[in-house]
1. Out of all the residues in the stretch 1-36, which are among the acidic types (Asp, Glu) and either closer than 21 Å to GLY105 by Cβ or not assigned by TED's automatic domain parsing to the domain that holds PRO141 (or both)?
2. For the stretch 88-100, check the following and say yes or no: at least one residue is assigned by TED's automatic domain parsing to the domain that holds PRO17, loosely packed, with under 15 Cβ neighbours inside 10 Å, more than 15 Å from the chain's Cα centre (by Cα) and of a type in the set (Asp, Glu).
3. State yes or no: is LEU110 surrounded by 17 or more Cβ atoms within 10 Å (Cβ to Cβ), within 14 Å of VAL7 (Cα to Cα) and of a type in the set (A, V, I, L, M)?
4. Of the residues GLY220, GLY204, GLY213, GLY151, which single one is touching a residue at least 40 places away in the same chain (Cβ under 8 Å) and of a type outside the set (Phe, Trp, Tyr)?
5. Quick one: THR148 ticks every box in (1) of a type in the set (Val, Ile, Thr); (2) farther than 17 Å from ILE218 by Cβ; (3) touching a strand residue (DSSP E or B) at 6+ places or on another chain (Cβ under 7 Å) bar one, so which box is it?
6. Hey, among ILE228, ILE190, ILE232, which residue is under 28 Å from LYS154 (Cβ atoms), among the β-branched types (Val, Ile, Thr) and without any contact (Cβ under 8 Å) to a residue 40 or more places away in the chain?
Amino acid sequence: MYKDILVHIPTERPMRPAIEGSISLAAHLNAHLDAVAVGYVTTSVAYVMEGGAAVAAVFELERERAVERAEAALAVFKTEAANAGISYACHPLGAIPADAAESLGEMARLHDLSIVLQPDPAQGSFDNDVPSEILFQAGGPVLFLPYTFRGAFKANRIGICWDGSRLAARAVRDAAPFLARATEIVIITINEPDAVSGEASASGLARHLGRRGLSTRIVGLSATRADIQPTILSLAADESLDLLVMGGYGHSRLQERILGGVTRAMLEAMTVPTLMTH
């Protein structure tokens with residue numbers, strides 16, 4: 001059960017989807033919600049003056065202003081959370097982006113679920129980098145909300161993107177609290193005869209979930225690698241799915257976080273909330 005949830009509230013992008021989605025979910029689950037917002041300090045302040053003390057003074061002033069921006073974003077969250085009557089706490093941070101990413105990753109590791117907003121490539125912002133950083137560092141499930149999301153979050157109809165992999169299996173386990181409450185579960189496979197072994201097939205997953213008392217339906221589709229993401233989203237629309245569950249694929253190279261093709265495409269064009277695990 002998700003009883004301790006973390007949500008990242010953007011300071012440089014519209015925050016309403018993250019606020020509405022996280023508070024409605026916390027209220028539904030009777031969970032505690034920690035909200036964190038980051039005011040970003042640009043590293044350019046280190047070059048405006050000479051002398052260590054002068055640089056430190058400028059940086060501290062910028063950090064204080066950054067914290068004020070974070071507190072302003074959290075003030076909106078606090079009002080909505082108080083009106084909803086949920087248990088919550090606010091955590092304003094002022095930091096350079098690299099330090100902020102590290103702090104958020106550490107916080108996410110001590111929560112049952114992290115909620116973030118889908119990056120918006122049309123808006124240049126450090127807030128766009130936070131979601132994938134949390135995905136890589138959390139060690140647990142991350143719920144991505146589309147930046148077009150509005151209203152209360154629900155997960156009545158769930159689609160599991162299944163390819164028999166370790167990450168897909170981990171995502172299914174991490175989604176257990178949602179799956180237990182779902183009214184319908186659709187297991188989605190793409191090119192399964194070529195991609196999934198018999199031991200980890202969709203029918204095997206269906207049997208496993210059936211032993212938990214969960215009824216499922218399998219939908220098998222075919223697509224080229226470039227069309228996997230749009231095929232999944234098209235099915236999600238046809239099935240009126242509230243939530244997708246999938247592994248978050250990627251790797252680290254020279255300390256740079258690199259997302260896999262399907263994961264990256266999903267984050268760029270998602271139209272339905274998506275639970276990912278890396």
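1. Hits for the stretch 1-36 are ASP4, GLU12, ASP34.
2. Checked the stretch 88-100: at least one residue is assigned by TED's automatic domain parsing to the domain that holds PRO17, loosely packed, with under 15 Cβ neighbours inside 10 Å, more than 15 Å from the chain's Cα centre (by Cα) and of a type in the set (Asp, Glu).
3. no
4. Result: GLY151 is the single residue among GLY220, GLY204, GLY213, GLY151 that is touching a residue at least 40 places away in the same chain (Cβ under 8 Å) and of a type outside the set (Phe, Trp, Tyr).
5. It is condition (3) that THR148 fails.
6. On inspection, the qualifying residue turns out to be ILE228.
The values are calculated or read from the model by the stated rules, or taken from the named source; none is laboratory data. Just so we're clear, the structure is a prediction, and the values are computed from it rather than from any experiment. Note: ideal-geometry Cβ built from the backbone for every residue, glycine included; neighbour counts use all protein chains shown.
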